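The values are calculated or read from the model by the stated rules, or taken from the named source; none is laboratory data. What you are looking at is a predicted structure, and each value in this text was computed from that prediction instead of being measured. Every residue, glycine as well, gets a Cβ built from its backbone with ideal geometry; the counts of neighbours run over all protein chains shown. Ligands, DNA and RNA are stripped out before the accessible areas are found, and what is left, the full protein with its side chains, is counted by its heavy atoms. Shrake-Rupley method; radii C 1.70, N 1.55, O 1.52, S 1.80 Å.
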Amino acid sequence: MDIVLYIIIGLLAGVPTGIVIGRYMLRKLFKDQEQAAQTKVKKILKDAENDAEILRKNKLLEAKEKFLQMKAEHENEINSKNNTINQRENGVKQKEQSYNQRLENVSRKETELDNVRKNLERQTEIAVKKQEEVEHLKQQHVEQLETIAGISAEDAKNQLVDNLREEARTKAMMQIKDIVDEAKLTATKEAKKIVIQTIQRTATESAIENTVSIFNIENDEIKGRIIGREGRNIRALEAATGIEIIVDDTPEAIILSGFDPVRREIARLAMHRLVTDGRIHPARIEEVVAKTKKQIEEEIVEIGERTVIDLGIHGLHPELIRMVGRMRYRSSYGQNLLQHSREVANFCATMAAELGLNVKLAKRAGLLHDIGKVPDDNPELPHAILGMQLAEKFKEHPEVCNAIGAHHDEIEMTSMLSPIVQACDAISGARPGARREVVESYIKRLKELEELALSYPGVEKTFAIQAGRELRVVVESEKISDAQSEILAADISNRIQTEMTYPGQIKVTVIRETRSVAFAK
């Protein structure tokens, strides 16, 4: 214990001494480090100053070298510019010398020209004097000639001019005549060539329409059923169709007579349905005739559509297509109108192709050129004008409209298609057997006969039958009485006598019928 205590006491006594000694040693250590650091800093600063001095000297050397280089380049550039300036100055000096030489030449030439001008003036004065002398001598000579000839120079000049003009005119007219004759000969040959080629390349068919259709039956017993009790069936058929039905001794045949092919076709089809069905009485007859009319209208549209498709015509108005179909049941001087129009369309297409014109428009104009013959209204207008108005109404091309209106010279031709349509119409109608004037005038007379009676108030329908020897007039029973019917028949017959020309006599029959209809439900 004593030893430990002594040790502790020794330690406690040595700590302060150690601390003092430690502090002294630390201060001395710090002082030595500070001196070493200052020495190092001084050394670094000295090294930095040395490096900076070296760097400064290097930069100065580089700057001097760059300055010397730039100075050399500048001097070279200045020398180059000086050389260029010197060259330009030399060029300018050369141009000045050349200009001075030219000025000297111009001055010398001006002097020469002045001399020449003076010489010319002197020569001109001499020439004028000589010209005056010549004119004086010429005047004296002319006066002497006038005295000898007894005519003035002005009159002689006029006579000479007139003679020369007349001679030139004669020669010109002869030359013009030769040229025109040659042109006509050439044009005629070319026209004949085109027409002949057109006719040869287009196949034609002769189709003459008659005014009579034959309805064939299996046996003569059917004739009695068609006639009906006291002829009521046949009268109902005639009243409904407007066609005269002739039942005579002709075996197994009934004749349908009428100028309108549409009516005849309706009557033929209606009779065929009635005979096939077996029920023949007035009510059934009217029903079948109405259905047949509707069927015919559908067939007319189908014929029109098939025709325009066959001809390759597109964009035609539906109403014009229907009119084209109705051409099948119309005739022009006995020639079927549809066949005639198809022929003209093909002719026009061929001619237009030969002449380098629009083939589609030519074919369109050829098909529609007689479209004015289809409508039954506006009979006072020429069919060409009426057809043109219809084409304009349905927005056809102006050249097509002009060709339709001008193909009979009713209006002026403004398109090359117009004379082509006119020529093709003549080609189609002029071939042998194509037309019959008598048939056309006969049909026209029957139409006028029906229209005359139809113009009276209260008249519902009119039918010219028996080849125009009888006119049947159906009146409205509400507007016309029995007594008025007799007066109407007399008035129509008197008007026919005064306004129309016809062979033989015409029987006017006015039909007034009252019907009472009721339905049992």
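Kirkwood Rh, segment 248-309, all Cα pairs: how many Å? Walk me through the numbers before you get to the answer.
Numbers: mean 1/r = 0.0764 Å⁻¹.
Result for segment 248-309 stands at 13.1 Å.
Give the peptides 54-60, 514-520, 261-267 in descending order of average Cβ contacts within 10 Å, highest first. Walk me through the numbers before you get to the answer.
Working: 54-60: 10.0, 514-520: 4.4, 261-267: 22.4.
Output ranking for 54-60, 514-520, 261-267: 261-267, 54-60, 514-520.
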Cut-off under 5 Å, modelled amide H: who pairs with THR509 long-range: LEU471, ARG472, VAL473
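With all pairs of different alpha carbon atoms counted, what Kirkwood hydrodynamic radius in Å does segment 318-421 show?
Numbers: mean 1/r = 0.0749 Å⁻¹.
By the Kirkwood definition, the hydrodynamic radius is 13.3 Å.
What's the ranking of 64-75, 408-419, 347-358 by average number of surrounding C-beta atoms within 10 Å, highest first? Spell out each step's value before the answer.
On the way: 64-75: 10.0, 408-419: 16.5, 347-358: 20.6.
Final packing ranking: 347-358, 408-419, 64-75.
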In segment 481-521, what percent of the accessible surface is made up of carbon and sulfur (1.4 Å probe, ligands and nucleic acids excluded)? 49 percent
Portion, in percent, of the accessible area of segment 34-85 that falls on carbon or sulfur, probe 1.4 Å: 58 percent
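Rounded to the nearest percent, how much of the accessible area of segment 305-370 (1.4 Å probe, protein heavy atoms only) is carbon and sulfur? Let's see the in-between values first.
Details: 1130 of 2340 Å².
Ligands and nucleic acids excluded, carbon and sulfur reach 48 percent.
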What is the packing order of peptides 299-307, 383-391, 224-232, 469-477, taking the mean over residues of other C-beta atoms within 10 Å and listing the highest first? 383-391, 469-477, 299-307, 224-232
Give me the three principal axis extents of segment 23-93 from the C-alpha atoms, as integers in angstrom, largest value leading. 102, 13, 7
